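Student: Handing you this structure, nothing more for now.
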Amino acid sequence: MDSEPITTNRTRGTQAHYQALVDSAAAAILVIDERGIILDANPFTHRLLGYHPQQLIGKNVDCLMPPEHQGKHDHYLRQYITTGQANIIGTGRRIEARHQAGHVVPIHLAVSEVWVEDRREFIGIMSDMRALTQAQTRIKHERNQLKTIINAIANPVFVRELGGRYSLANYACLQALNVEHVEQLAEAIHGALPEGMHETLNALDHQLTLDGEPVHVDVTLRDGRTFKLAKTLIRHVEGEPYAIVTVGYDATPLLQAKHEAERANQAKSDFLSAMSHELRTPLNSVLGYAQLLQRSSSPRLTETQRQYVDQIHQSGRHLLTLINDVLDLAKLEAGKTVVNVTWYPVRALVSDAVRTLLPLAQQQHVELDDCLPADLSGDLYVDPTRFKQVLINLLSNAIKYNHPQGRVWVEASQPSSTLTISVSDTGIGIAENRLNHLFEPFNRLAAEQSQIEGAGVGLAVSHQLVVQMQGEMSVKSQPGKGSCFAVTFPYRASMRSGDQGCTCLRVSQPHRVLYIDNNSARQRLMTDCFEDWPMLTLYHAHGLSLAEAVALASPPSLVIMAADSVAATPEQIQAQFGDKPLIVLTDNPCDEPHNKPTLRRLSLPLSSADLAEAIQLLLEERL
């Protein structure tokens, strides 16, 4: 029912219709006279306030009001009748009504005036607001709870609506920017950011609204503080974005501590390097004179004296090894170690290291075996000197930490684009909870309590050298059964004798070839192959988007792609690059559909002869 005065000239139906509407209404409807006496009430009044209609008829409407508001209704009626000034009449508002049981019920009350012949009456409509009030109370509680939680967070948190207004900021955020209210946040942030950063953050916010992916960025303020910011999009229930929440972390203390640690580490490395040089100089003299005494024939040394000299020389050599290890570690940590990687025969590297350690193995009564496959004749992409240093360290550890009549052996995995060389032993093994500390400098994993010599530096140096050579090192071990250390590096197989005459290309004109592959080892192999074909210019691309850009700048005559580096099918790739001839490198070429005139599939590991034949066919013979 509307709030306009109801006239007695009703045109909406019969009295029966009117009564049916009132009786079925989902709101309590009361009719009162000018004195506030209740003349009628509909059935919903019982559901809302607990009164049957007959219990209310003849009573003053004040009986439905809480004690603190009783009497006010009579005042409002008299005021309206006398002055025409309305508080509720003709408008409506939220109030509380008293239930028959004594508790209050939140309602919305709308009062309309109606004349029945010459009598003035008022109709009051009371709508149940309990569910809405409970929901609003719950929302208010949750908001207060959320606000308390956000304010308890020690990191700055603020919310910025997409229109630019800052709607929320916790205490940490206000304190970080030295403001008291969220309304001051926009000006404070603008003043704290260096020139150009405000535009950068706005661009990041815009990108966030487009793709929805959280954004992480480091921001250094004008006062020198650095904050790490994480931005996340806030959406309405319907999914529409409306604001961005930013959580900041003051990384200044952490960065300062990091810089201090780096300076301290550099000072330590410089000290170790200087001390190693200072110790090595006199030690070289000691070793030199010890060797002179060992070879001296006049005067002849007694057997006891010769044993003394041998012990001096042996101990000196051990000390020199420790000093060299410390010097290597210092250089590695200072970033002064240079590795020169190249393709080098793997069998020569392993055989040389095994021969070097055979005397130590015999001395320790340990069997040392080279178990490389007889047909393994390819090359590793390593620094030969550094790789030998790593392998000798692994072999010497396997021998030293072994048992008499134990065994150490070197073997290789099935070669592909990489090769794994493993050093296994039947030694004492390493407990699983110690493996995480294996490559820590000067950490011997409690072996310092044994009679085995060492400083706990060799493995740390070896691990860092492997990383610098772009390789990987792994370890498996069982206490009492032994250990297996493995290193993995890029590998290329030697060409078969029958391939030697097949790698020549006879092309009549220069061509550009685009190679798509995200495997750096295979890229190096491909580059080596193309060094023998001066008429072909090779362009590398790690992914499809980069390949498209390269092709746009330098259109290729031929495309080569590794199947595991591109999600698209060969047909899609050809369509994308203007139906250019395509070579696909795959692990299982036999499982693929048959080749087409402009498409060839080659197996991995790649044979340069097969590659030359495919290129010859696609670039020249097809034309």
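Student: May I ask for log10 I(q)/I(0) of the stretch 197-261 at q = 0.14, 0.19 Å⁻¹, from a Debye sum over the Cα atoms as equal point scatterers with solvent left out?
Tutor: Log10 I(q)/I(0), no solvent term: -0.49, -0.76.
Student: Over the heavy atoms of Thr137, what accessible area does a 1.4 Å probe trace out, to the nearest 10 Å²?
Tutor: About 80 Å², ignoring ligands and nucleic acids.
Student: Helix-derived [θ] at 222 nm for the chain: sum -39500 (n - 2.57) over DSSP H runs of at least 4, divide by residue count, nearest 500?
Tutor: On the way: 17 runs with 242 residues, N = 623.
Calculated mean residue ellipticity at 222 nm is -12500 deg cm²/dmol.
Student: Then there is this: Charges at C-beta only: +1 for Lys and Arg, -1 for Asp and Glu. How large is the resulting dipole of the chain about its Cα centre, in Debye rounded to 20?
Tutor: Numbers: 55 positive and 69 negative charges, 228 e Å.
Rounded to the nearest 20 debye, it is 1100 debye.
Student: Assuming a viscosity of 0.890 mPa s and a temperature of 25 °C, what translational diffusion coefficient in µm² per second does Stokes-Einstein assign to the stretch 52-115, Rh being the Kirkwood radius over Cα pairs?
Tutor: Values: Rh = 12.9 Å.
Estimated via Stokes-Einstein, D reaches 190 µm²/s.
Student: Can you find, among Gln389, Val215, Tyr491, the residue farthest towards the positive end of the dipole of the chain? Put +1 on the C-beta of Lys and Arg, -1 on that of Asp and Glu.
Tutor: Value computed over the given set: Gln389.
Student: To continue, here is another question. Please work out how much accessible surface His365 shows to a 1.4 Å probe, ignoring ligands, DNA and RNA, in Å² rounded to 10.
Tutor: Solvent-accessible area, nearest 10 Å²: 110 Å².
Student: Let me ask something additional. Multiply the residue gap between Val114 and Leu293 by 0.36 nm, knock off their C-alpha separation, and tell me the result in nm, one decimal place. Don't skip to the answer; put the middle values down first.
Tutor: Numbers: separation 179, 0.36 × 179 = 64.44 nm, distance 13.13 nm.
Result: 51.3 nm gained on full extension.
Student: Something else now. Set Lys and Arg Cβ to +1 and Asp and Glu Cβ to -1, take the dipole of the chain about its Cα centre, and tell me which of Val350, Thr569, Gln414 lies farthest positive.
Tutor: Ranked along the dipole, the leading option is Val350.
Student: Could you work out the Kirkwood radius for the stretch 167-324, taking every pair of different alpha carbons, averaging 1/r and inverting it, reported in Å? Before the final figure, lay out each step's value.
Tutor: Details: mean 1/r = 0.0456 Å⁻¹.
It is 21.9 Å.
Student: Got the relative contact order for the chain handy, in percent, Cα pairs under 8 Å and 6 or more residues apart? Provide the component values of the computation, followed by the final result.
Tutor: On the way: 982 pairs, mean separation 38.7, N = 623.
Rounded, it is 6 percent for the chain.
Student: Rounded to the nearest 0.05, what FRET efficiency is calculated for Ala568 and Ser603 with R0 set to 25 Å and r the Cβ-Cβ distance?
Tutor: On the way: r = 20 Å, r/R0 = 0.81.
Taking R0 as 25 Å, the efficiency between Ala568 and Ser603 is 0.80.
Student: Moving to a separate point now. Of Tyr18, Tyr51, which has the most accessible area with a 1.4 Å probe, and how do the rest follow in descending order?
Tutor: Values: Tyr18 65, Tyr51 25 Å².
Listed by decreasing accessible area, they come as Tyr18, Tyr51.
Student: Rolling a 1.4 angstrom probe over the protein chains, ignoring ligands and nucleic acids, what is the accessible area of Ser483 in square angstrom, nearest 10?
Tutor: Only protein atoms counted, so the area is about 10 Å².
Student: For the stretch 363-429, take every pair of Cα atoms, bin their distances at 10 Å starting from 0, and report each bin as a whole percent.
Tutor: Taking all Cα pairs of the stretch 363-429, the binned fractions are 19, 46, 28, 6 percent.
Student: Restricting to DSSP loop positions (anything but H, G, I, E, B) with no more than 13 other Cβ atoms inside 10 Å of their own Cβ, which GluC sites (Glu not before Pro) remain in the stretch 75-168? Could the numbers behind the result be given before it?
Tutor: Numbers: sites: Glu96, Glu113, Glu117, Glu121, Glu142, Glu161; in loops: Glu117.
For GluC sites (Glu not before Pro) across the stretch 75-168 that sit outside H, G, I, E and B with at most 13 neighbouring Cβ atoms in 10 Å, the list reads Glu117.
Student: Cross-link candidates for Lys59: which lysines have Cα within less than 25 Å, leaving aside residues fewer than 8 places away along the same chain?
Tutor: By straight Cα distance, Lys59 reaches Lys72.
Student: Something else about it: What length, rounded to one decimal in nm, is gained on full extension from Ala553 through to Gln314, with 0.36 nm per residue of separation minus their alpha-carbon distance? The partial results should precede the final answer.
Tutor: On the way: separation 239, 0.36 × 239 = 86.04 nm, distance 6.43 nm.
Gain on extension, Ala553 to Gln314, equals 79.6 nm.
Student: Relative to the first principal axis of the alpha-carbon coordinates of the chain, what is the inclination of helix 303-333, with its axis defined by its Cα atoms, in degrees from 0 to 90 and to the nearest 10?
Tutor: Helix 303-333 and the main axis of the chain meet at about 40 degrees.
Student: From the residues Gln266, Asn519, Tyr289, which one has its Cα farthest along the dipole of the chain in the positive direction, the dipole being from +1 and -1 charges on Cβ of Lys/Arg and Asp/Glu about the Cα centre?
Tutor: Value computed over the given set: Tyr289.
Student: Can you tell me the FRET efficiency between Ala251 and Thr342 if r is taken as the Cβ-Cβ distance and R0 is 30 Å, rounded to the nearest 0.05?
Tutor: On the way: r = 41 Å, r/R0 = 1.37.
According to the calculation, E is roughly 0.15.
Student: Calculate the length of the line joining the C-alpha centroid of the stretch 351-419 to that of the stretch 21-43, in whole Å.
Tutor: 101 Å
Student: With all protein chains present, how much of the accessible area of the chain (probe radius 1.4 Å) comes from carbon and sulfur, to the nearest whole percent?
Tutor: Of all accessible area on the chain, carbon and sulfur atoms account for 52 percent.
Student: Please list the non-local residues whose amide H lies under 5 Å from the amide H of Thr418, H modeled 1.01 Å from N, same-chain partners needing a gap of 5 or more.
Tutor: Long-range HN contacts for Thr418: Tyr491.
Student: Let me know the whole percent of all Cα-Cα pairs from the chain that are separated by more than 48 Å.
Tutor: Values: 104999 of 193753 pairs.
Everything past 48 Å amounts to 54 percent.
Student: Helix 544-553 sits at what angle to the longest principal axis of the chain, using alpha carbons and giving 0 to 90 degrees rounded to 10?
Tutor: Taking the Cα atoms of the chain, the angle to 544-553 is about 70 degrees.
Student: Return one whole number: the accessible area per residue of the chain in Å², for a 1.4 Å probe. Provide the component values of the computation, followed by the final result.
Tutor: Numbers: 35240 Å² over 623 residues.
Counting only protein heavy atoms, the per-residue value for the chain is 57 Å².
Student: Using only Cα atoms, find the angle between the long axis of helix 346-363 and the longest principal axis of the chain, and express it within 0 to 90 degrees, rounded to the nearest 10.
Tutor: 70 degrees
Student: Give the ranking of Val182, Val286 by solvent-accessible surface, highest area first, calculated with a 1.4 Å probe. Walk me through the numbers before you get to the answer.
Tutor: Values: Val182 35, Val286 70 Å².
Correct descending sequence by accessible area is Val286, Val182.
The values are calculated or read from the model by the stated rules, or taken from the named source; none is laboratory data. Just so you know, these numbers come straight off a predicted model, no measurement behind them. A quick note on method: Cβ atoms are made from the backbone with ideal geometry, for glycine too, and the neighbour counts reach across all protein chains shown. Just the protein is used for accessible areas: all its heavy atoms, side chains included, with ligands, DNA and RNA removed. Shrake-Rupley method; radii C 1.70, N 1.55, O 1.52, S 1.80 Å.
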